[in-house]
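The structure appears below as structure tokens.
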Amino acid sequence: MAIALIILYLLAAYSLLGIIFALYFVCIGMNRLDPSAIGSHWTFRLLVLPGAAALWPWLLRRLASTHHSYTSPPPSHPESPS
């Protein structure tokens, strides 16, 4: 019973940290990793939230290794003439 309780507490801690990180990620961190996410609609960010909560250790590592920050949308490329 004690092992099951420890596993349950570890799962709860992982989930809590994941939810906290996911909220940060969808509000701020996503823009650092992907410049096309800047200005994205809240429904897209809501869809990303569960995945960010589940994969938070991997995303945290990706954010930690990112040295640049995007503040504006990427420049659009002109259409090639046909």
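Residue by residue, here is whether (1) at pLDDT below 95; (2) over 14 Å from the mean Cα position of the chain (by Cα) holds:
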| position | (1), (2) |
| --- | --- |
| ASN31 | yes, no |
| ASP34 | yes, no |
| PRO50 | no, no |
| HIS67 | yes, yes |
- Query: Give me the pairs: first residue in region 29-57 and within 18 Å of TYR14 (Cβ to Cβ), second residue open to solvent by 40 Å² or more (accessible area, probe 1.4 Å), beta-carbon distance under 6 Å, and six or more apart or on different chains, which are they?
  - Reply: ALA53/ILE19
- Query: Counting only residues that are open to solvent by less than 40 Å² (accessible area, probe 1.4 Å) and part of a helix (DSSP H, G or I), which one in region 36-47 is modelled with the lowest pLDDT?
  - Reply: ALA37
- Query: Is region 9-20 home to any residue that is out of contact with any strand residue (DSSP E or B) (no Cβ under 8 Å at 6 or more places or on another chain), surrounded by 15 or more Cβ atoms within 10 Å (Cβ to Cβ) and under 26 Å from HIS67 (Cβ atoms)?
  - Reply: yes
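The values are calculated or read from the model by the stated rules, or taken from the named source; none is laboratory data. As the structure is a prediction and not an experimental result, all values here were calculated from the model. Positions of Cβ are backbone-derived with ideal geometry, glycine not excepted, and every protein chain shown enters the neighbour counts. To get the accessible areas, we keep the full protein, side chains included, count just its heavy atoms, and leave off ligands, DNA and RNA. Shrake-Rupley method; radii C 1.70, N 1.55, O 1.52, S 1.80 Å.
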